[in-house]
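Have a look at the structure below, then the notes.
The values are calculated or read from the model by the stated rules, or taken from the named source; none is laboratory data. Since the structure is predicted, the reported quantities are computational estimates derived from the model, not experimental observations. When we count neighbours, we look across all protein chains shown, and the Cβ atoms used for this are built from the backbone with ideal geometry, even at glycine. Each accessible area value is taken on the protein alone, full model and side chains, heavy atoms only, with ligands, DNA and RNA left out. Shrake-Rupley method; radii C 1.70, N 1.55, O 1.52, S 1.80 Å.
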Amino acid sequence: QVQLVESGGGLVQVGGSLRLSCAASGSIFRINNMGWYRQAPGKQRELVASISSGGRINYADSVKGRFTISRDNAKNTVYLQMNSLKPEDTAVYYCNAEGYYGGWRTNFNGWGQGTQVTVSS
(Lines give C-alpha, C1' and ligand atoms only; values in the text may rest on other atoms or scores of the structure.)
Protein backbone atom coordinates (compact mmCIF):
# COMPACT_ATOMS: atom_id res chain seq x y z
CA GLN A 1 0.00 0.00 0.00
CA VAL A 2 1.02 3.60 -0.58
CA GLN A 3 0.02 6.50 1.64
CA LEU A 4 0.03 10.17 0.67
CA VAL A 5 0.20 12.77 3.41
CA GLU A 6 -0.28 16.45 2.65
CA SER A 7 0.68 19.49 4.66
CA GLY A 8 0.91 23.24 4.29
CA GLY A 9 -2.65 24.46 3.81
CA GLY A 10 -4.17 27.29 5.76
CA LEU A 11 -5.66 30.76 5.70
CA VAL A 12 -3.93 33.52 3.76
CA GLN A 13 -4.84 36.98 2.55
CA VAL A 14 -5.21 37.92 -1.09
CA GLY A 15 -1.81 38.21 -2.72
CA GLY A 16 -0.17 35.95 -0.17
CA SER A 17 1.69 32.69 -0.60
CA LEU A 18 1.47 29.13 0.63
CA ARG A 19 3.52 26.02 -0.01
CA LEU A 20 1.91 22.62 -0.03
CA SER A 21 3.83 19.39 0.42
CA CYS A 22 2.80 15.79 -0.18
CA ALA A 23 4.94 12.85 0.85
CA ALA A 24 4.32 9.34 -0.41
CA SER A 25 5.32 6.38 1.72
CA GLY A 26 5.11 2.62 1.56
CA SER A 27 6.79 -0.06 -0.50
CA ILE A 28 7.16 2.22 -3.47
CA PHE A 29 9.00 0.95 -6.49
CA ARG A 30 8.49 3.95 -8.73
CA ILE A 31 6.23 6.99 -8.93
CA ASN A 32 5.44 8.11 -12.46
CA ASN A 33 3.17 11.13 -12.23
CA MET A 34 2.43 13.34 -9.24
CA GLY A 35 -0.04 16.16 -9.17
CA TRP A 36 -2.27 18.53 -7.29
CA TYR A 37 -6.01 18.82 -7.73
CA ARG A 38 -8.50 21.07 -5.99
CA GLN A 39 -12.18 21.07 -5.28
CA ALA A 40 -14.15 24.14 -4.30
CA PRO A 41 -17.62 23.88 -2.70
CA GLY A 42 -20.22 22.95 -5.29
CA LYS A 43 -17.63 22.37 -8.00
CA GLN A 44 -15.94 19.38 -9.53
CA ARG A 45 -12.40 18.41 -8.66
CA GLU A 46 -9.98 19.95 -11.16
CA LEU A 47 -6.34 19.51 -12.03
CA VAL A 48 -4.11 22.30 -10.78
CA ALA A 49 -0.69 21.03 -11.82
CA SER A 50 1.09 17.78 -12.58
CA ILE A 51 4.68 16.67 -12.98
CA SER A 52 6.03 13.47 -14.49
CA SER A 53 9.03 11.52 -13.27
CA GLY A 54 10.99 13.09 -16.10
CA GLY A 55 9.99 16.60 -15.10
CA ARG A 56 7.30 17.32 -17.68
CA ILE A 57 4.90 19.84 -16.15
CA ASN A 58 1.33 20.89 -16.84
CA TYR A 59 -0.59 23.72 -15.25
CA ALA A 60 -4.20 24.75 -15.33
CA ASP A 61 -4.54 28.04 -17.19
CA SER A 62 -5.94 29.69 -14.07
CA VAL A 63 -2.70 29.17 -12.11
CA LYS A 64 -0.04 29.64 -14.78
CA GLY A 65 2.54 32.19 -13.71
CA ARG A 66 1.45 32.03 -10.06
CA PHE A 67 1.89 28.40 -8.99
CA THR A 68 4.98 26.22 -9.30
CA ILE A 69 5.01 22.46 -8.95
CA SER A 70 8.17 20.53 -8.14
CA ARG A 71 9.15 17.13 -6.84
CA ASP A 72 11.96 15.44 -4.97
CA ASN A 73 12.18 11.91 -6.33
CA ALA A 74 14.55 10.79 -3.58
CA LYS A 75 11.94 11.75 -0.98
CA ASN A 76 8.87 10.75 -3.03
CA THR A 77 7.54 14.21 -2.34
CA VAL A 78 5.74 16.76 -4.48
CA TYR A 79 5.40 20.46 -3.70
CA LEU A 80 3.12 23.24 -4.83
CA GLN A 81 4.33 26.79 -4.33
CA MET A 82 1.35 29.11 -4.60
CA ASN A 83 1.97 32.84 -5.00
CA SER A 84 -0.33 35.79 -5.67
CA LEU A 85 -3.25 33.88 -4.24
CA LYS A 86 -6.78 34.91 -5.15
CA PRO A 87 -10.12 34.22 -3.45
CA GLU A 88 -10.99 31.87 -6.30
CA ASP A 89 -8.06 29.67 -5.29
CA THR A 90 -9.98 28.75 -2.14
CA ALA A 91 -10.55 25.00 -2.17
CA VAL A 92 -9.51 21.69 -0.71
CA TYR A 93 -6.28 20.68 -2.39
CA TYR A 94 -5.58 17.00 -2.99
CA CYS A 95 -2.32 15.32 -3.85
CA ASN A 96 -2.33 12.50 -6.41
CA ALA A 97 0.36 10.00 -7.32
CA GLU A 98 0.50 7.12 -9.76
CA GLY A 99 3.14 4.44 -9.98
CA TYR A 100 4.11 0.97 -8.82
CA TYR A 101 4.68 -0.59 -5.40
CA GLY A 102 5.65 -3.86 -3.80
CA GLY A 103 7.60 -6.83 -5.02
CA TRP A 104 5.00 -7.55 -7.70
CA ARG A 105 5.21 -3.98 -9.03
CA THR A 106 1.49 -3.45 -8.50
CA ASN A 107 0.10 -0.30 -10.04
CA PHE A 108 -1.35 2.29 -7.68
CA ASN A 109 -3.17 5.57 -8.13
CA GLY A 110 -3.60 7.23 -4.77
CA TRP A 111 -4.95 10.39 -3.19
CA GLY A 112 -4.06 12.35 -0.12
CA GLN A 113 -6.62 13.29 2.50
CA GLY A 114 -6.85 16.89 1.29
CA THR A 115 -5.75 20.16 2.81
CA GLN A 116 -7.86 23.31 3.00
CA VAL A 117 -6.58 26.50 1.40
CA THR A 118 -8.61 29.62 2.15
CA VAL A 119 -7.79 32.98 0.59
CA SER A 120 -9.51 35.86 2.31
CA SER A 121 -10.21 39.25 0.83
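For segment 4-121, the solvent-accessible area with a 1.4 angstrom probe is 52 square angstrom per residue. Sparsely packed loop sites in segment 10-69 (the trypsin sites (Lys or Arg not before Pro) outside DSSP H, G, I, E and B with at most 13 other Cβ atoms within 10 Å) comprise K43, R56, K64.
If R0 is taken as 30 Å, the Cβ-Cβ distance between Y100 and K64 corresponds to a FRET efficiency of 0.45. Kirkwood analysis of segment 27-121, using all unique Cα-Cα pairs, places the hydrodynamic radius at 14.1 Å.
Taking Rh as the Kirkwood radius computed over C-alpha pairs, what is the Stokes-Einstein D of segment 6-79 at 4 °C in a medium of viscosity 1.567 mPa s, expressed in µm² per second?
96 µm²/s
The value of relative contact order for segment 1-114, using C-alpha pairs under 8 Å at least six residues apart, is 35 percent.
Taking the Cα centre of the chain as origin and charging only Cβ (+1 Lys, Arg; -1 Asp, Glu), how large is the dipole, in debye to the nearest 20?
Values: 12 positive and 7 negative charges, 38 e Å.
About 180 debye.
Its residues counted as N, segment 77-121 yields a C-alpha radius of gyration over 2.2 N^0.38 Å of 1.60. Database remark: amide H of T90 closer than 5 angstrom to the amide H of V119 (H placed geometrically; neighbours at sequence offset of 5 or more, or on other chains; Pro and chain starts carry no H). For segment 2-41, the residues whose backbone nitrogen is under 12 Å from a point 7 Å from the Cα of D72, taken along Cα to Cβ, are 21-24. A Cβ-based charge dipole, computed about the Cα centre of segment 32-85 with Lys and Arg at +1 and Asp and Glu at -1, lands at about 40 debye.
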